[in-house]
Amino acid sequence: MIRPLRLALAAALLCGFATPIAMAQEPMPLRLAVNEPIKHKAAKQKTAKSKAAQPKTAKSKSKPGKSAEAKASNGASDKGASKPVQIASFGDWVAFLAEGGKEKTCYALAQPKERVPGKLKRDPAYVFISNRPGENIHNEVSIMMGFPMKNGGEAEADVSGTSFDLVSKGTNAWIKNPAQEAEFIKALKKSAKLIVKAASVKGHVTTDSYSLAGLSQALESVEHECQ
């Protein structure tokens, strides 16, 4: 049985980290409809002129786009957790800590160094390895692909020629057999590269390559903070 990660908290934690890791391309902004009826446009123009004629008054304005850090803080608060704090950085991996009361979540994460095909539009991807001592969870692996996959669909993680089956749900994937997680972590620590392959619901196959430089040290830091 898969031990699913708390997806809402995980998303909040990932959005909120302050890290030197370069973010992948952001999702494309929504485009305005080009076939809007003329009468609607005229109504909008009339409304705009009416507003322009009114005297300007001071009013507070929120920034156009709420920062990812602020969103993460709010999301974590909903779960009773504080905003994640970076505790260490090693090579291509970063370690974080989030606390909520007596509960702690520590995690190490990295983003892919290479994504194939490069021109395919998708959200940022991450490998996320977490410890939640309050739930007796240690080195739980979650891979966030950045695009929706078929629920229960097959995917694959390759470490130095050793293949581990993944199972997907939404935009996330886990080690299919939880009993293999310890073996998977052990293989990662001894290797230089992790390759993750998965297909989207549209059938596009993505191959993400992760550097494993610094992983062992990041996991040691996570272990120390969340014993």
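We did not get these values from a lab; they are worked out from the coordinates using the rules stated. Treat the numbers as computed from the prediction; the structure is a model and nothing was measured. Because the Cβ atoms are built from the backbone with ideal geometry, glycine has one as well, and the counts that use them run over all protein chains shown.
Per-residue packing, averaged as other Cβ atoms within 10 Å, sorts the ranges 168-176, 132-140 into the order 168-176, 132-140, beginning with the highest. Its relative contact order, with pairs defined as Cα atoms under 8 Å and 6+ residues apart, puts segment 82-225 at 26 percent. Here the calculated FRET efficiency for residue 123 and residue 227, from their Cβ-Cβ distance with R0 = 35 Å, stands at 0.60, rounded to the nearest 0.05.
Of the peptides 106-113, 192-199, the ranking by mean beta-carbon count within 10 Å, highest at the top, reads 106-113, 192-199. Which net charge results for the neighbourhood of residue 129, defined as the other residues with beta-carbon distances under 10 angstrom from its beta-carbon, given Lys and Arg at +1 and Asp and Glu at -1? Taking every Cβ under 10 Å from that of residue 129, the sum is -2.
Based on the Stokes-Einstein relation at 20 °C and a viscosity of 1.002 mPa s, and on the Kirkwood radius from alpha carbon pairs, segment 82-225 is assigned a translational diffusion coefficient of 139 µm²/s. As a proxy for reagent exposure, 123, 208 were ordered by neighbouring Cβ count within 10 angstrom, fewest first; the result is 123, 208.
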